Structure formats: structure tokens, C-alpha cells
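Nothing in this text is a laboratory measurement; each read-out follows from the coordinates by a stated rule. Since this is a predicted model, take the numbers as computed values, not measurements. Note that each Cβ is placed from the backbone with ideal geometry, even for glycine, and that neighbours are counted across all protein chains shown.
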Amino acid sequence: MRIMESAIRRHFGTTSSRRLVAVALACVTGIGVPSSAFASGSDIFGTWLRDDGNAHVRVAACGNIICATNLWIRDPAKQGEKVGDRLEFSIKRDGAGWRGEAYDPQRKLNFSASLSAEGDSMTTKGCMLAVVCRTTNWQRLPGANAAQ
């Protein structure tokens, strides 16, 4: 365990950079798909509330990818996030969910991502180096639907 922890510290550097990684993984929301698959993945589109209650995120197509954009952040200074921050996703259908890559342009971070959505619930998972992972649960906001 100490070897893994040491490798993570060497890779991510200071506590501040590790915190940025955690924030980026916490933001993981939607997963990008090729434009031909947008219709089959429409259940992921809309506005979502993160499980900690601190963020509202809109998941929508943007070009050939899917973007998850922060619409509201409870405490931007404390959370290290701001309105307008976005994640860019590129994935493929994998069974009942989606798997692929995510990119955080604000922090210049890449990580693997997976998503499963059913009705008004969504679960996302982001991993860096396959050892630093975070799972986040989301609820669709009332009045938010796939057409948004």
C-alpha cells in the first residue's frame, strides 16, 4: 500500500494537485459518444444534481463529443470549481453503460470514465492510473429532461 501511495504522490505532486484531481473526478458526469449514437444515449442528457448537493451540471452534445458543464456551484472558492467549467467525454456503449475517456480542460487532466443511467438516476466513475478512482451519483433535476 505504501508503494502505491508513494507512486501517487510522485505522480500528482502536492496535496493541492491531488485535490484538483479529486475535484476533476468528482465532476465526472456525462460520457461522450460518437454523433451517430446520440439518440441511443439520450437518457444521459439533461441537468443533474450531484450527490453532495453542491453542483448542478448540464450534459449535452457539443460537436462530436458530450460536454458536462457546471451551471451552479454552491461554494466555488471552497470546492475549486466554478460555473462554466466543463468536462469533455468520448466513449462507446459497453453493455448497459458507457466507457471511455474524459478530459478536464481547466486542469488539463485525462482520465478513464464510465457511466450508467436509468430513469432519473445516473452513476459516474472516473479513474486516473486505474488506482485513484471516484464514483459519483446524480439525480436528474425536476423539470430537466433529455431534450434540454
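Need the list of lysines near Lys78 for cross-linking: C-alpha distance under 29 angstrom, and skip anything on the same chain fewer than eight residues off.
Correct list for Lys78: Lys108, Lys125.
Within segment 70-130, which trypsin sites (Lys or Arg not before Pro) sit in a loop by DSSP and count at most 13 neighbouring Cβ atoms inside 10 Å? Could the numbers behind the result be given before it?
Values: sites: Arg74, Lys78, Lys82, Arg86, Lys92, Arg93, Arg99, Arg107, Lys108, Lys125; in loops: Arg74, Lys82, Arg107, Lys108.
Qualifying residues, ordered by number: Arg74, Lys82, Lys108.
Under the 0.36 nm per residue contour assumption, what length would be gained going from the current alpha-carbon distance of Asp120 and Asp52 to full extension?
Stretched out fully, the Asp120 to Asp52 stretch lengthens by 22.9 nm.
Under a plain spin-label model, where a point goes 7 Å from the Cα along Cα-to-Cβ, how far apart in nm are Asn110 and Asp94?
Result: 1.6 nm between the two label points.
Modelling each spin label as a point 7 Å along the Cα-to-Cβ direction, I'd like the Val131/Leu71 distance in nm, to one decimal.
3.9
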